[in-house]
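All remarks here apply to the structure that follows.
The numbers here are math on the coordinates, done by the rules we state, and not lab data. Keep in mind that this is a model prediction, so the values were computed, not measured. A quick note on method: Cβ atoms are made from the backbone with ideal geometry, for glycine too, and the neighbour counts reach across all protein chains shown.
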Amino acid sequence: MSPPNASLLQTVDSILETLPPVWDRIRSNLRAAATEGFGITLEQFHVLRHIRKGYRSVSELAEKKQISRPAVSQAVEVLVEKGLVTRTQESGDRRCVSLELTPRAVEALDANFQENRVWMKGEMASLTREELACLGKAMGILQATFLPGEP
């Protein structure tokens with residue numbers, strides 16, 4: 001195996017060994033904040049996040065999350081009941097329903113993200129400026145590689 005291929009394989013293995021457990025820790029913190037602080041599941045939290053990003057229909061959410069429309073509809077129904085999401089029928093077509101976050105949902109998301117940022121800053125506080133710069137560069141490279149065209 002030539003050196004570039006060995007390096008590529010080592011990098012792929014490193015990513016596969018590192019990202020899942022790191023993401024599990026972050027998700028665990030998000031889940032705790034969402035479920036304990038706001039009384040919603042992690043899945044409902046993700047639905048709120050995607051609505052905030054501009055996915056405004058059950059179909060768009062199902063496609064983005066790659067789950068069934070009934071599963072998304074069920075999550076949306078709970079969020080409507082909790083006063084976190086509103087549904088608005090589009091004029092002219094009753095089948096088209098637009099989803100919007102309520103001010104309470106925006107506040108809940110903002111608080112959740114802030115709480116998670118504080119936790120992450122605490123976890124990363126011992127890193128040097130160089131290490132932080134290196135991590136930032138690596139995140140940019142990963143994003144450009146795996147999520148081209150997404151901000």
Search region 58-96 for residues being in contact with a helix residue (DSSP H, G or I) (Cβ under 9 Å, 6 or more places away or on another chain) and of a type in the set (S, T, N, Q), and hand back the single one that is surrounded by the fewest Cβ atoms within 10 Å (Cβ to Cβ).
68
Could you grab me the full set of residues in region 1-53 that are under 19 Å from residue 124 (Cβ atoms), without any contact (Cβ under 8 Å) to a residue 24 or more places away in the chain and hydrophobic (A, V, I, L, M, F, W, C)?
19, 22, 23, 32
Going through (1) without any contact (Cβ under 8 Å) to a residue 40 or more places away in the chain; (2) over 19 Å from residue 40 (Cβ atoms) one by one, residue 98 fails only at (1)
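Among what's in region 102-151 and is among the acidic types (Asp, Glu) and either in contact (Cβ under 8 Å) with a residue 60 or more places away in the chain or not in a loop (DSSP other than H, G, I, E, B) (or both), pick the residue that is surrounded by the most Cβ atoms within 10 Å (Cβ to Cβ). Full working, then the answer.
Going through region 102-151, the residues among the acidic types (Asp, Glu) turn out to be 107, 110, 115, 123, 130-131, 150.
Checking the rest, the ones that are also either in contact (Cβ under 8 Å) with a residue 60 or more places away in the chain or not in a loop (DSSP other than H, G, I, E, B) (or both) come to 107, 110, 115, 123, 130-131.
On the way: 107: 13, 110: 11, 115: 16, 123: 13, 130: 8, 131: 11.
Here the residue is 115.
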Reported set for region 83-98 where residues are out of contact with any Asp or Glu (no Cβ under 9 Å at 6 or more places or on another chain) and either outside any strand (DSSP E or B) or of a type outside the set (D, E, K, R) (or both) is 83, 84, 89, 91, 92
